[in-house]
Amino acid sequence: MDNERIDQIIDKYQGKASSVIQVLMEIQSENHWLPRGILEKVSKRLEVPLNEVLHIVTFYKTFSLIPKGRHEIHVCTGSSCHVRGSKRLLDAVQDLIGIRPGETSSDLRFSLETGNCLGCCSLGPEIVVDGEHHSKIAPDNVEDVLKDYD
Ligand code: FES
């Protein structure tokens, strides 16, 4: 992400310190992670102390300080999805994209996470890609689901 684009995002909020979370969220959304240099720039331009910016990005799970893939896959491992086969689903995802939960593929295409109930247990096993829910997914259908995410 270049400096010009970061400036555009900050300018959109008139450089107001109160917009720091929105600015960071927009940068996270486009860049998929927040390198130290970007945090320093945001801190300087919004006149928010760097330690305050660091506190925000480490407090909220939505921010990442390590590179993330263009697409975030979340496999539900809650008890209901577990009963409905989420372990086999997770194995199929891992086999297909070659990474484990908490990792990012070397081509930066995918990041993989697991987590607890997503609130739609009757539709499990559930997989979410970039916030889009895919329900009742069989391991054999994982490739079909992921092929549309370049
Ligand atoms: S346990 Fe997976 S959605 Fe509830």
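Coordinate-derived values only; no laboratory data. Computed from a predicted model, the values in this text were never measured in an experiment. Note that we place each Cβ from the backbone using ideal geometry, even for glycine, and neighbour counts take in every protein chain shown.
For the chain, take the longest principal axis of its alpha carbons; what is the angle in degrees between that and the long axis of helix 50-59, to the nearest 10 within 0 to 90?
20 degrees
Over the chain, what lengths in whole Å, largest first, do the semi-axes of the equivalent ellipsoid take, defined as the square roots of 5 times the eigenvalues of the alpha-carbon gyration tensor?
Values: eigenvalues 237, 48, 31 Å².
Taking √(5λ) for each eigenvalue gives 34, 15, 12 Å, largest first.
How big is the range 71-146 on each of its three principal axes, counting only the C-alpha atoms and giving the largest first in Å?
Principal-axis extents of the Cα atoms in the range 71-146, largest first: 34, 21, 18 Å.
First select every other residue whose beta carbon is under 13 angstrom from the beta carbon of GLY15; then total the charges, Lys and Arg +1, Asp and Glu -1.
+2
Compute the acute angle (0 to 90°) between the alpha-carbon long axis of helix 86-97 and the principal axis of greatest extent of the alpha-carbon atoms of the chain; round to the nearest 10°.
Once rounded, the angle reads 60 degrees.
Which cross-chain or sequence-distant (5 or more) residues have an amide H under 5 Å from the amide H of GLU103, H modelled 1.01 Å from N in plane?
LEU112
In debye, nearest 20: dipole of the chain around its Cα centre with unit charges on the Cβ of K, R (+) and D, E (-)?
Values: 17 positive and 23 negative charges, 90 e Å.
That gives a dipole near 440 debye.
Let me confirm the definition first: pairs of Lys residues in the chain, 8 or more apart or on different chains, C-alpha distance under 22 Å. How many are there?
Taking the Cα cut-off of 22 Å, the pair count is 10.
Mind listing the long-range amide H neighbours of GLU126? Cut-off is under 5 Å, sequence gap 5 or more, other chains count too, H placed in the peptide plane at 1.01 Å from N.
Sorted by chain and number, the residues that satisfy this are CYS76.
Which trypsin sites (Lys or Arg not before Pro) in the range 1-74 sit in a loop by DSSP (not H, G, I, E or B) and have at most 15 other Cβ atoms within 10 Å of their own Cβ? Could the numbers behind the result be given before it?
Numbers: sites: ARG5, LYS12, LYS16, ARG36, LYS41, LYS44, ARG45, LYS61, LYS68, ARG70; in loops: LYS16, LYS61, LYS68, ARG70.
Filter output for the range 1-74: LYS16, LYS61, ARG70.
Computed over the Cα atoms, what is the radius of gyration of the range 3-59 divided by 2.2 N^0.38 Å, N being its residue count?
Scaled against compact globular proteins, the figure is 0.96.
Mind listing the phi-derived Karplus ³J(HN,Hα) values for the range 135-145, rounded to whole Hz, using 6.51, -1.76 and 1.60 with θ = phi - 60°, and x for any glycine or proline?
Whole-Hz 3J(HN,Hα) from phi for the range 135-145: 9, 6, 8, 8, x, 5, 9, 4, 4, 4, 5.
If a cysteine in the chain has no other Cys Cβ under 4.7 Å from its own Cβ, put it on the list, ordered by number.
CYS117, CYS120, CYS121 - these cysteines have no disulfide-compatible partner (Cβ-Cβ under 4.7 Å) in the chain.
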